[in-house]
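Worksheet: one structure, shown below.
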Amino acid sequence: MKFFLDTADLDEIKEAASWGALAGVTTNPTLYSRIGGKLDDFYNHIERICDIVDGPVSAESVAMTRDEIVRDGRELARIAPNVVVKVPTMVEGLAACRTLADEGIRVNMTLCFTVPQAILAARAGARYISPFVGRFDDISENGLAQLEDVVTAINNYDYTENTVNGEQIEIIAASIRSANHVTQAALMGADIATVPFNVLKKMIQHPLTDRGLESFLKDWEKVKNA
Ligand code: G3P
């Protein structure tokens, strides 16, 4: 499994990149607004992220028609070669995905919740599909079970004839709220988890690691004084 950071915060991205395990970044309009992002700085901000991250950086179009999404997608893709255009899973998004993929532009189909949505996204040329986990949990449904169905269904077929350069589709477990979401997503074979920085920090922690380290340090003092 690869890890993407789900944020638009440059400090978080720099910090996570310094840990050596970061494979990409996903952003969305909410995350950009959370850092006080301004419309006229959006493209520059995506460029700054691309400069830090050696991997795919998803930047979302907020347009509602296929022509506008395609126009956004072309502009976003011009920012850097690692930009992936994030497009909502809806009719206009599917049509735009097909056009962008045919032009060699990689698309991440977002706001995906069901197997039929995921299969349609795959057939429309998506390079990444992002099933949301936490938002199902928010409405008291089982987000992990939905993710597992998407992983199984997509892996039942070969979509490489539909994708840019025949690349393998990857499933991004999105809307991840806990380290347990990551554990379960990895066990079911999701290719990528995109995680908020607070979840990434929790993923590296365990009380037994802390306790073990504490006793090693104490015993090393004894060795030094022996
Ligand atoms: O990248 C989109 C997704 O991860 C959003 O998560 O927490 O807003 O449901 P959340």
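The values are calculated or read from the model by the stated rules, or taken from the named source; none is laboratory data. Computed from a predicted model, the values in this text were never measured in an experiment. Reconstructed Cβ throughout: ideal geometry from the backbone, glycine too, with neighbour counts over all protein chains shown. These area figures cover heavy atoms from the full protein model, side chains too; ligands, DNA and RNA do not enter into them. Shrake-Rupley method; radii C 1.70, N 1.55, O 1.52, S 1.80 Å.
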Original post:
Does the range 47-63 hold any residues that are of a type outside the set (A, V, I, L, M, F, W, C) and within 16 Å of the ligand (Cβ to nearest atom), and which are they?
Top reply: Gly55, Pro56, Ser58, Glu60, Ser61
Original post:
Taking interchain pairs and intrachain pairs at least six residues apart, which have beta carbon atoms under 7 angstrom, with the first residue in the range 84-96 and without any contact (Cβ under 8 Å) to a residue 40 or more places away in the chain and the second assigned to a loop (DSSP other than H, G, I, E, B) and among the polar types (S, T, N, Q)?
Top reply: Val85/Ser61; Val87/Ser61; Glu92/Thr65
**OP:** May I ask you to list the residues in the range 3-46 that are within 15 Å of the ligand (Cβ to nearest atom), open to solvent by 70 Å² or more (accessible area, probe 1.4 Å) and not hydroxyl-bearing (Ser, Thr, Tyr)?
**Re:** Arg34
Original post:
Which of the residues that make up the range 183-211 are within 16 Å of the ligand (Cβ to nearest atom), without any contact (Cβ under 8 Å) to a residue 40 or more places away in the chain and under 16 Å from Asp137 (Cβ atoms)?
Top reply: Val199
Original post:
Does Gly104 meet the test of being surrounded by 21 or more Cβ atoms within 10 Å (Cβ to Cβ), at pLDDT 95 or above, away from the ligand (no atom under 15 Å from the Cβ) and not polar (S, T, N, Q)?
Top reply: no
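Quick one: which residue in Ile105, Ile119, Ile79, Ile46 is within 19 Å of the chain's Cα centre (by Cα) and touching a residue at least 40 places away in the same chain (Cβ under 8 Å)? Talk me through it step by step, then tell me what you get.
Details: Ile119 fails: touching a residue at least 40 places away in the same chain (Cβ under 8 Å); Ile79 fails: touching a residue at least 40 places away in the same chain (Cβ under 8 Å); Ile46 fails: touching a residue at least 40 places away in the same chain (Cβ under 8 Å).
Going through Ile105, Ile119, Ile79, Ile46 in turn, the sole match is Ile105.
Which of the helices (runs of 4 or more DSSP H) found entirely inside the range 108-180 contain at least 3 residues meeting this: within 16 Å of the ligand (Cβ to nearest atom) and open to solvent by 20 Å² or more (accessible area, probe 1.4 Å)? Quick ask: steps written out before the conclusion?
Working: elements: 115-123, 134-138, 143-155.
Hits in the range 108-180: 134-138.
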**OP:** Only residues that are at pLDDT 95 or above and closer than 17 Å to Ala16 by Cβ: list them for the range 47-84, please.
**Re:** Arg48, Ile49, Cys50, Asp51, Ile52, Val53, Gly55, Pro56, Val57, Ser58, Asn82
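For the structure I just gave you, tell me whether Leu76 is away from the ligand (no atom under 16 Å from the Cβ), open to solvent by less than 50 Å² (accessible area, probe 1.4 Å) and part of a helix (DSSP H, G or I). Walk me through how you get there before you give the answer.
On the way: away from the ligand (no atom under 16 Å from the Cβ): no; open to solvent by less than 50 Å² (accessible area, probe 1.4 Å): yes; part of a helix (DSSP H, G or I): yes.
Considered against the rule, which asks whether it is away from the ligand (no atom under 16 Å from the Cβ), open to solvent by less than 50 Å² (accessible area, probe 1.4 Å) and part of a helix (DSSP H, G or I), Leu76 comes out as no.
Go through Val62, Val85, Val70 for me and flag whichever is part of a strand (DSSP E or B) and of a type in the set (A, V, I, L, M).
Details: Val62 fails: part of a strand (DSSP E or B); Val70 fails: part of a strand (DSSP E or B).
That would be Val85, the only listed residue that is part of a strand (DSSP E or B) and of a type in the set (A, V, I, L, M).
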